[in-house]
Every structure is written in structure tokens, then in C-alpha cells.
Amino acid sequence: MESLRDFWRFLDARGPAGLRAVMQEWKLRCGPAFAHIEPLLEPAGVVARSWPGERPDLPRRRVVAIGGSAVAVCDEGMSPRVELSAQDRALHEFRPGVLRSAMATALGLRTSTVPVDRTPGTLRLGTWEPRPALAFAVELVTHTDRAAVAHLVRAAVSADTNPVIVLTPTAEAWTDELRAWVEQRRCVLASADEIIHAGSNGLVATESWSSLLETFAQRAGLRLAAPIQNKRPKKKRAERLATIEKIEKVLVETARSRVGMIRASVDAGRGIPTIPHLTRAALAEEAGCKPHDVTRVFQDAAGKQAATLYGLVNDAEALWRAKGARGSR
């Protein structure tokens, strides 16, 4: 199990806008956690107009066109000029629905189906259901302004007649006053960086989550006959492996087809062409599964090959360089 603290800090510092950035910024800000976050990122379909500094404390660089190329320029002269390819400038996002699914799965929640943009700054992850017909909402609050965090936490708690579990990326915006206010209403605050780490198969809950649920149960006046456990049944391993196999098959066939298209273009003297982006939704449809299944496969240690292939089939240059990879000849 590995800490995702750098990722949660990045999300905390950027607020809702932190869900979208160029890959270079994801790498810089997430640190060692990037390897666990990368499989969950998807192209946003737009390019960046600014480029991150070498460190978080340095100003961002403007992306300008110079001689037909895109270049990141620091007006203050504090970071070097960087030439950028179209792929460098492509924004990648951690879509709220993907974030919700990953976090809800890790915490053993029944994933919410309410619109992800219902309340800006607040994301309903799902419900914790310790026993049938008993459900408690779990909300994620993200905002760069501490006063706004307190407002959103209070709004999330006040909107429900039952006690609520409210998560924030880190605990840096909490005040003693906010903690006391939440406790008085039989609710709890939880810091995502303490309760969700990365495991071999994706995001996983830490022991702190079980302890927090015990505290929540006491405040909510619940009497549980057995120690609190993850109530959501795990998907059968055989089914997951079968899904991985189907997704890999589609990706191998796609890689072969695209290598052939690239080869034809190169042989004709036109160079490496632009290839259409294969979305996770389209991949899921081809493989006969759901988009969230694709995400879970990419999080699974056994799905590492599929995640690598997915990156290749969406990068013409990388695919051409690696044309000797599995199924690409």
C-alpha cells in the first residue's frame, strides 16, 4: 500500500480545476503517486494555454506560437523556455465520474448516481450502508479557499436529515470550529490522504477508514453486532480476468490496424499520421463491457499490459516506435 498524499495535495491546491492538467503537471505534482493515477486519466480533448513551472512556487509559463511551433515561455524569466508537441499540450483529466467510482469502490460504498455537477465543489461519492435499508451519504468537498470549504461542508451536512461523512482531499482547511460544528451534528470529517492509498489493484481503503466508521457509528447512535467491514461484495476474480482478456484482445487488434495505417502513410512519404483517439467508452463497447470496467482493468495489476496498450494505440509516434510490441506486427 502506497500513500497518495502528493495527489491529494495537488487536488487540494487546485480545487475542482485540479482534475485537469497536462501530463507533465500531473507527473510533477503527484510525484510517486503518478503511477497509480495515470491509468485513470483521460484526454480532455483540448490543449493547454499555460505550462507549469519547474516547481509549484514558480509562475506558470505562457504557451505561444513561435515559428510554427508551440513554446512555453516564462515572462518573469524564472523557468527555461520549452518547446512543446501537440501531445505535450494535451490536457488530461480525472473526470469526476471516474474519481467517484474509484473512491467509492475503495471505500466499499454504493456508488452514487446523482449528476456529478449537481453542486460545484461537492461530489456525492455514494452511501455507506452498514445494514439493509440504512444508508448514510458520503460527500467529497474540494475548493482552494478555506472559507469556501467550510461553507460547502456545512451545506453538505445540512442538506441531509441523516448524519453525513464528508471527505476533503487533506485536512489543511479544517478549523477547530468546523470540527466542532460537524461533531455536534453527529457527522464526521475525513481526510482522503489518510483513508485512501494505492494498492496493487487500484485505490484501497486504509485501516483509518475502519476506525473512522467506528467513530461515525457511535456519533450516529448505531449499534452494530459485528466489527465494521466493507459491505460491498468483491467482483469475482474470474470475471475480472475474463474482462481483462477481452479488453486486451480489442487493443491488440486496434494496435495492428493502426500500425498498418501508419506504415501505409510512412511508405507513401506522408510521415506519421494523426490517429483518432480511442475513448474508454468506445473500448468498452468493442469489448462488450462498461466504461467503469475498463477503468478497473487499468487499475488491476493483471491489467498492466492492457493499460500500456491503451496508451500506445492513442499515440501514433509511440506505437510506431514500439511496433514490435505484442500484436502490433
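Residue pairs, Cβ under 8 Å, 6 or more apart or interchain, first in the range 159-187 and over 14 Å from Ala147 (Cα atoms) and touching a residue at least 40 places away in the same chain (Cβ under 8 Å), second surrounded by 15 or more Cβ atoms within 10 Å (Cβ to Cβ) and of a type in the set (S, T, N, Q). List them.
Close Cβ pairs (under 8 Å, with a partner that is surrounded by 15 or more Cβ atoms within 10 Å (Cβ to Cβ) and of a type in the set (S, T, N, Q)) amount to Leu167/Ser191; Pro169/Thr142; Pro169/Ser191; Thr170/Ser191.
All but one of (1) over 17 Å from the mean Cα position of the chain (by Cα); (2) closer than 26 Å to His197 by Cβ hold for Val82; state the number of the condition that does not hold.
Among (1) over 17 Å from the mean Cα position of the chain (by Cα); (2) closer than 26 Å to His197 by Cβ, Val82 violates only (2).
Could you tell me which residue of the range 196-228 is farthest from Ala159 (Cα to Cα), considering only residues that are out of contact with any Asp or Glu (no Cβ under 9 Å at 6 or more places or on another chain) and among the β-branched types (Val, Ile, Thr)? Can you show your working first?
Kept after step one, since they are out of contact with any Asp or Glu (no Cβ under 9 Å at 6 or more places or on another chain), are these residues of the range 196-228: 196, 203-205, 207, 210-211, 213-218, 220-223, 225-226.
Next cut, among the β-branched types (Val, Ile, Thr) only: 196, 204, 215.
Values: Ile196: 25, Val204: 28, Thr215: 21 Å.
Result: Val204.
Among (1) under 24 Å from Asp117 (Cα atoms); (2) surrounded by fewer than 21 Cβ atoms within 10 Å (Cβ to Cβ), where does Lys27 come up short?
All conditions pass for Lys27, except number (1).
Let's see how each residue does on (1) in contact with a Lys or Arg (Cβ under 8 Å, 6 or more places away or on another chain); (2) not in a helix (DSSP H, G or I):
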site	(1), (2)
Ala137	yes, yes
Thr161	no, yes
Arg179	no, no
Leu189	yes, yes
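Identify all residues within the range 267-309 that are touching a residue at least 60 places away in the same chain (Cβ under 8 Å) and in a loop (DSSP other than H, G, I, E, B); write none if there are none.
Correct list: His277, Thr279, Asp300.
Can you tell me which residue within the range 310-329, out of those that are assigned to a loop (DSSP other than H, G, I, E, B) and at pLDDT 80 or above, is surrounded by the fewest Cβ atoms within 10 Å (Cβ to Cβ)? Spell out how you get there, then give the answer.
Keep residues of the range 310-329 that are assigned to a loop (DSSP other than H, G, I, E, B), which gives 314-315, 322-329.
This time we only want the ones that are at pLDDT 80 or above, so: 314-315.
Numbers: Asn314: 20, Asp315: 16.
It comes out as Asp315.
Can you give me the ranges of the strands (runs of 3 or more DSSP E) entirely in the range 1-92 with at least 3 residues that are hydrophobic (A, V, I, L, M, F, W, C) and at pLDDT 80 or above? Lay out the reasoning, then the answer.
Numbers: elements: 20-22, 42-47, 61-66, 69-73, 82-84.
In the range 1-92, 42-47 are the strands (runs of 3 or more DSSP E) which contain 3 or more residues that are hydrophobic (A, V, I, L, M, F, W, C) and at pLDDT 80 or above.
Would you mind stating whether Val149 is out of contact with any helix residue (DSSP H, G or I) (no Cβ under 7 Å at 6 or more places or on another chain) and crowded, with 24+ Cβ neighbours inside 10 Å?
Yes: the conditions hold for Val149.
Residue by residue through the range 86-115, note down the ones that are in contact with a Ser or Thr (Cβ under 9 Å, 6 or more places away or on another chain) and either surrounded by fewer than 19 Cβ atoms within 10 Å (Cβ to Cβ) or of a type in the set (S, T, N, Q) (or both).
Ala86, Ser101, Thr105, Arg110, Thr111, Ser112
The values are calculated or read from the model by the stated rules, or taken from the named source; none is laboratory data. These numbers come from a predicted model, not from an experiment. Positions of Cβ are backbone-derived with ideal geometry, glycine not excepted, and every protein chain shown enters the neighbour counts.
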